[in-house]
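Values in this text are rule-based calculations from the coordinates and carry no lab data. Note that this is a predicted model, so its numbers are computed, not measured. With ideal geometry, Cβ positions are generated from the backbone for all residues, glycine too; neighbour counts draw on all protein chains shown.
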């Protein structure tokens, strides 16, 4: 599958700051551990395990059409996701 994904300037900045390869992001887009809908923005949140930092997860915020990566969050704190799911801000779609 050949996906055409655009990265915003902000997303490119986060890749550089956090030393994340685009390929790692693309792998999560192709096979996320979890996919969520942000009920406030309509954005899609994809979550996957970091390949080089196993204690970390990547949270990818994509546009609602999944053609643009808006930002990338690298975190070891899963409570961010749990709280937003609990508050029904993020609802599971996969």
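Summed over region 74-94, the residues that are farther than 15 Å from residue 35 by Cβ and assigned to a strand (DSSP E or B) give a count of 2. For the subset of region 38-65 comprising residues that are more than 11 Å from the chain's Cα centre (by Cα) and touching a residue at least 40 places away in the same chain (Cβ under 8 Å), which member is nearest to residue 81 (Cα to Cα)? That would be 38.
Just the residues that are in contact with a strand residue (DSSP E or B) (Cβ under 8 Å, 6 or more places away or on another chain), more than 15 Å from residue 94 (Cβ to Cβ) and assigned to a loop (DSSP other than H, G, I, E, B), please, taken from region 1-42.
Initially, region 1-42 is screened for residues in contact with a strand residue (DSSP E or B) (Cβ under 8 Å, 6 or more places away or on another chain), giving 5-8, 10-11, 14-15, 18, 20, 22, 24-25, 27-29, 31-39.
Pick out the ones that are also more than 15 Å from residue 94 (Cβ to Cβ) and you get 5-8, 10-11, 14-15, 18, 20, 22, 24-25, 27, 39.
Scanning region 1-42 gives 5, 8, 18, 20, 39.
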